[in-house]
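Asker: Have a look at the structure that comes next, please.
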Amino acid sequence: MALKKQTVTTLQKMKTDGDKIAMLTCYDFTTARLIEQSAIDAVLVGDSLGMTMMGYEDTLPVTMEDMIHHSACVSRGLKNTFLVADMPFMSYHISDQQAVENAGRLIKEGHANAVKLEGGAKYCSRIRAIVDAQIPVVAHIGLTPQSVNAFGGFKVQGRNVSRARELIDDAKKIEQAGAFMLTLECVPEKLASLITEEIAVPTIGIGAGAGCDGQILVYQDMLDMYDGLAPKFVKHFAHIGREMKDAFNEYSDQVKKRSFPVTGEHTFKISDEVMEELKK
Ligand code: KIV
């Protein structure tokens, strides 16, 4: 368990002290409780829940109501772990006012400690407006899944000079706008390391290499809960999907063979007198 409450200040200090930040996504109370009992520093209620929890093909259909619901569930399982909630597609794209109102809902109703939004320099006025409302902001650049249609798919970002320069510029402007943390997704390792050196706020990488100040993974990915192909940057730290399927099959087998439930062990008693009475 994180021994003391993680805050924007403690997370910033981890970068200054050279301590790596370990983050995972989280979408429900039970998983949040398990994470709270582990050494994870912060969780993200990502809009990836559209895919992992709701079965959509991408994150675009996720609503503010979905995000608030899952963030509130997660918050009830956490004590010291820092909670970031994603702003879903079209919840901050229209105006600074819309962005502040929706960020406020994630804090007031979703009980998040900070919000995350996707986008670089173009979104600096949104970041500034939310920070001015005293809400900490995590920015997200590189492969930003809400731009899947504009990007033409999920692709590594920043491999050529102009796009790499754009990402460095984005990172600096985002820092100036007041974001306290920056997510770098699917960015070449050396570029992510350069960005990490150039800015004072912690960078959290996903598919961005070990030079970032911290890492985040989708928890179902790192627990190997999918049958499908995992992205290159995913490492399986356990095979929970296989364990769950084995347990489901074993349960089904025991039910069908009548070896579960076991009388006395998994059942409740009733007195013989009551049974006699019922048979009359
Ligand atoms: O939605 C999400 O889970 C994310 C992470 C992949 C960083 O944004």
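Asker: It is to be established whether one or more residues within the range 173-180 are of a type in the set (A, V, I, L, M), under 21 Å from residue 84 (Cβ atoms) and either more than 18 Å from the chain's Cα centre (by Cα) or open to solvent by 10 Å² or more (accessible area, probe 1.4 Å) (or both).
Answerer: Yes.
Asker: If you don't mind, another one. On the basis of being open to solvent by 50 Å² or more (accessible area, probe 1.4 Å) and more than 30 Å from residue 32 (Cα to Cα), does residue 243 make the cut?
Answerer: When the stated conditions are applied, residue 243 does not pass them.
Asker: For the condition open to solvent by less than 60 Å² (accessible area, probe 1.4 Å) and either modelled with pLDDT of 95 or more or away from the ligand (no atom under 14 Å from the Cβ) (or both), what is the one hit in 3, 49?
Answerer: Exactly one of 3, 49 is open to solvent by less than 60 Å² (accessible area, probe 1.4 Å) and either modelled with pLDDT of 95 or more or away from the ligand (no atom under 14 Å from the Cβ) (or both), namely 49.
Asker: The conditions are (1) assigned to a helix (DSSP H, G or I); (2) modelled with pLDDT under 95; (3) touching a helix residue (DSSP H, G or I) at 6+ places or on another chain (Cβ under 9 Å), and residue 154 fails exactly one of them. Which is it?
Answerer: (1)
Asker: Can you tell me how many residues in the range 113-151 are touching a Phe, Trp or Tyr at 6+ places or on another chain (Cβ under 7 Å) and either open to solvent by 50 Å² or more (accessible area, probe 1.4 Å) or not assigned by TED's automatic domain parsing to the domain that holds residue 202 (or both)?
Answerer: Counting residues in the range 113-151 that are touching a Phe, Trp or Tyr at 6+ places or on another chain (Cβ under 7 Å) and either open to solvent by 50 Å² or more (accessible area, probe 1.4 Å) or not assigned by TED's automatic domain parsing to the domain that holds residue 202 (or both) gives 1.
Asker: If we scan the range 107-118, do we find a residue that is among the acidic types (Asp, Glu), within 16 Å of the ligand (Cβ to nearest atom) and within 23 Å of residue 21 (Cα to Cα)?
Answerer: Among the residues of the range 107-118, at least one is among the acidic types (Asp, Glu), within 16 Å of the ligand (Cβ to nearest atom) and within 23 Å of residue 21 (Cα to Cα), which makes the answer yes.
Matching residues to (1) without any contact (Cβ under 8 Å) to a residue 12 or more places away in the chain; (2) assigned by TED's automatic domain parsing to the domain that holds residue 137; (3) within 19 Å of residue 20 (Cα to Cα); (4) more than 15 Å from the ligand (Cβ to nearest atom):
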position: 153; (1), (2), (3), (4): yes, yes, no, yes
position: 156; (1), (2), (3), (4): no, yes, no, no
position: 165; (1), (2), (3), (4): yes, yes, no, yes
position: 192; (1), (2), (3), (4): no, yes, yes, no
position: 217; (1), (2), (3), (4): no, yes, yes, no
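Asker: Quick test for you: out of 31, 16, pick the one residue that is in a helix (DSSP H, G or I) and within 15 Å of the ligand (Cβ to nearest atom).
Answerer: Going through 31, 16 in turn, the sole match is 31.
Asker: Right, another one. Given the structure, is residue 103 crowded, with 22+ Cβ neighbours inside 10 Å, within 16 Å of the ligand (Cβ to nearest atom), in contact (Cβ under 8 Å) with a residue 40 or more places away in the chain and not β-branched (Val, Ile, Thr)?
Answerer: no
The values are calculated or read from the model by the stated rules, or taken from the named source; none is laboratory data. Small disclaimer: the values here were computed from a predicted structure and weren't measured. Backbone-built Cβ (ideal geometry, glycine too); neighbour counts: all protein chains shown. Ligands, DNA and RNA are stripped out before the accessible areas are found, and what is left, the full protein with its side chains, is counted by its heavy atoms. Shrake-Rupley method; radii C 1.70, N 1.55, O 1.52, S 1.80 Å.
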